[in-house]
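**Q** Below you will find the structure I want to go over with you.
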């Protein structure tokens, strides 16, 4: 019975993620949602800045703290280890819902590209970013990343095992294609308002901080394999380092 409840809980968290993922495409891209990053301002600038900064800070804290090994060790003394990842996904979903609900557009336009061809190119880059994010999750095991594997294996009587250390596809060219996809999503917009710029700058800064912590964890888990991978494969863009014969790597989003 407990295993079944854990599985249903994991499925619920995953389905909620799918809804959040789809809504986020519209929210960041100003597509078919009632309020987006670049909507018209409705509150004073100072108030909007305070609220938006608090929302982004909440997201950064939750992601940074809950993704760390030390917190997980303590956290799984409170909640069952089988649903630790699903709970992480659930709380991330709820924070995104808060952002969608409470975000305050800030109006001031930084740039507004009206040329139709340029807009098509920018939206193409935006779409490519989302596709890169989604494909990257499947390359590193989508269902483990979002907690389903952790609740499915006990349901069928199998023990959970950590994923191996592999470098599928783009992971042979850069260490973090998932984060590259997010950067494209955050910055590829024909209309850049003050609110959008705040979001893009804050999330970009968070990504590079998260990479530092994540890679520290990966070196401690995988040792020399990841250390050698880090030395030979560039972080975000496929430039700056010569490719060596690297056969293993693994990334788990923070």
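The values are calculated or read from the model by the stated rules, or taken from the named source; none is laboratory data. Keep in mind that what you see is a predicted model, and the values were worked out from it rather than measured. Counting neighbours? That spans all protein chains shown, and the Cβs are built from the backbone with ideal geometry, glycine included.
**Q** Listed residues 37, 15, 58; which is over 22 Å from residue 198 (Cα atoms) and at pLDDT 90 or above?
**A** Checking each option against the conditions leaves just 15.
**Q** Right, another one. How many of the residues making up the stretch 93-133 are within 30 Å of residue 152 (Cα to Cα) and either in contact with a helix residue (DSSP H, G or I) (Cβ under 7 Å, 6 or more places away or on another chain) or touching a residue at least 40 places away in the same chain (Cβ under 8 Å) (or both)?
**A** So the answer is 10.
**Q** Now a separate question. For the stretch 140-237, which helices (runs of 4 or more DSSP H) that fit wholly inside it have 1 or more residues that are in contact with a strand residue (DSSP E or B) (Cβ under 9 Å, 6 or more places away or on another chain) and at pLDDT 90 or above?
**A** Hits in the stretch 140-237: 194-222.
**Q** Which condition from (1) touching a helix residue (DSSP H, G or I) at 6+ places or on another chain (Cβ under 7 Å); (2) under 29 Å from residue 146 (Cα atoms); (3) loosely packed, with under 15 Cβ neighbours inside 10 Å is the one that residue 61 breaks?
**A** (1)
**Q** Consider residue 196 against the criteria (1) in contact with a helix residue (DSSP H, G or I) (Cβ under 6 Å, 6 or more places away or on another chain); (2) buried (at least 18 other Cβ atoms within 10 Å of the Cβ): it satisfies all of them except one. Which criterion is unmet?
**A** Exception for residue 196: condition (1).
**Q** OK, next. Given the residues 155, 178, 90, 148, which is the only one that is within 25 Å of residue 65 (Cβ to Cβ) and surrounded by fewer than 20 Cβ atoms within 10 Å (Cβ to Cβ)?
**A** Matching residue, one of 155, 178, 90, 148: 90.
**Q** When you look at residue 164, is it exposed (fewer than 15 other Cβ atoms within 10 Å of the Cβ), at positive phi, more than 18 Å from the chain's Cα centre (by Cα) and touching a residue at least 12 places away in the same chain (Cβ under 8 Å), yes or no?
**A** no
**Q** Could you run through the stretch 45-58 and say how many residues are surrounded by fewer than 18 Cβ atoms within 10 Å (Cβ to Cβ) and within 18 Å of residue 110 (Cα to Cα)?
**A** 3
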